[in-house]
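Enquirer: Please find one structure pasted underneath; my questions will follow.
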Amino acid sequence: MDSQTKTEPMRVLVTGGSGLVGKAIEHVVKQEGGCLEGEQWTFLSSKEANLVDLQQTRAVFEKYRPTHVIHLAAKVGGLYLHMKENLHFLRDNLRINDNVLQTSHERGVTKVVSCLSSCIFPDKTTYPIDESMIHNGPPHDSNFGYSHAKRMIDIQNRGYFAQHGRRYTAVIPTNVYGPYDNFNFENGHVLSALMHKTYAAKKEGTPLQVWGSGTPRRQFIYSLDVARLFLWVLREYDEIDPIILSGESNIVCVCVCFDTSKSDGQMKKTASNAKLRRYLPDFTFTPLSEGIKKTCDWFVNNYDIART
């Protein structure tokens, strides 16, 4: 990578640049000194290019001529939207990922770092899950379309390396939360949707009702921590095999009223960060309580522009 930087500036294209993780990376790059001298960063939104379309994908790569890509773009949703539209999530994400990876290969992109999801792990497995266990069984039925499409990125990365020597890799964050998340009641991720429900219940003086039984366990990681780790992976991580990004925190929801007629989704998907810790033993994760407070403050102060 050093030789690449010496011969020409590193031009980084971030797909999905207006989403939760994209905005966090933009913050780290522009406000935390994450942009090194000579680097050029472009944060791409779906308004500029529909990456489901191959021609639009090729056109945006021609425009920005990236040497490196952080691939975040995806068709995403909450548990209940996934359950209703598994086929749409499968087909759209397969197209997006193939378009981005193949166009990156065709244009000689040095490195691609894609974002997977902890939902790709097998539903029936042993714990904690590590990077070697991704393909050891089917994912949970609730979001099998999205999960299988994300798994295929790992297969493609291995193929591009085996056949073309491309150093394309991926990260697997646990549940990401933070500013710019989707706070929609139905389609948002669990923590952001809970924040919005709590905000609304307090404002309206009504009981807080949560979908599901309240028994599933989840790990969370603050979006700015993910962003800082993405930059490390882009610059320093040389493996093709993916790496799990996970902090130390788990949370169990305790609230006033549970709607047990709604699905819980996968009950548990505890992932190990042992591999990450071997590389970065001293990385400091944002404590869950601090990250939640920062996210809640952002949501309240930016309610008019938040995705609700």
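Enquirer: Do you know which residues across the range 108-130 are open to solvent by 10 Å² or more (accessible area, probe 1.4 Å) and either more than 18 Å from L234 (Cα to Cα) or within 19 Å of the chain's Cα centre (by Cα) (or both)?
Expert: K111, C115, S117, D123, K124, T125, T126, Y127, P128, D130, listed by residue number.
Enquirer: Follow-up question, since we're still on this one. Scan the range 246-254 and tell me whether some residue there is farther than 21 Å from N184 by Cα, assigned to a loop (DSSP other than H, G, I, E, B), modelled with pLDDT of 80 or more and not aliphatic (A, V, I, L, M).
Expert: Within the range 246-254, one or more residues are farther than 21 Å from N184 by Cα, assigned to a loop (DSSP other than H, G, I, E, B), modelled with pLDDT of 80 or more and not aliphatic (A, V, I, L, M).
Enquirer: Regarding S147, is this residue of a type outside the set (V, I, T) and over 16 Å from L245 (Cβ atoms)?
Expert: yes
Enquirer: Mind listing just one residue for me: the one in the range 140-194 that is of a type in the set (A, V, I, L, M, F, W, C), out of contact with any helix residue (DSSP H, G or I) (no Cβ under 7 Å at 6 or more places or on another chain) and crowded, with 19+ Cβ neighbours inside 10 Å and, of those, farthest from G16 (Cα to Cα)?
Expert: My answer is L194.
Enquirer: Moving on to the next point. Could you please let me know if T270 is under 29 Å from L234 (Cβ atoms), at pLDDT 90 or above, open to solvent by 30 Å² or more (accessible area, probe 1.4 Å) and among the polar types (S, T, N, Q)?
Expert: Answer is no for this residue.
Enquirer: Here's another thing I want to ask about it. Could you tell me which numbered condition G137 fails, if it satisfies all but one of (1) touching a residue at least 24 places away in the same chain (Cβ under 8 Å); (2) in contact with a Pro (Cβ under 9 Å, 6 or more places away or on another chain); (3) of a type in the set (G, A, S)?
Expert: For G137, the exception is condition (1).
Enquirer: Go through the range 1-105 and tell me which strands (runs of 3 or more DSSP E), entirely inside it, have 1 or more residues that are under 19 Å from G145 (Cβ atoms) and open to solvent by less than 20 Å² (accessible area, probe 1.4 Å).
Expert: Result: 68-71.
Enquirer: Might you check whether a residue that is on the phi < 0 side of the Ramachandran plot, touching a Phe, Trp or Tyr at 6+ places or on another chain (Cβ under 6 Å) and not in a strand (DSSP E or B) occurs anywhere in the range 125-140?
Expert: No - not one qualifying residue is present in the range 125-140.
The values are calculated or read from the model by the stated rules, or taken from the named source; none is laboratory data. Since the structure is predicted, the reported quantities are computational estimates derived from the model, not experimental observations. Here Cβ is always computed from backbone atoms with ideal geometry, including for glycine, and neighbour counts include all displayed protein chains. Ligands, DNA and RNA are stripped out before the accessible areas are found, and what is left, the full protein with its side chains, is counted by its heavy atoms. Shrake-Rupley method; radii C 1.70, N 1.55, O 1.52, S 1.80 Å.
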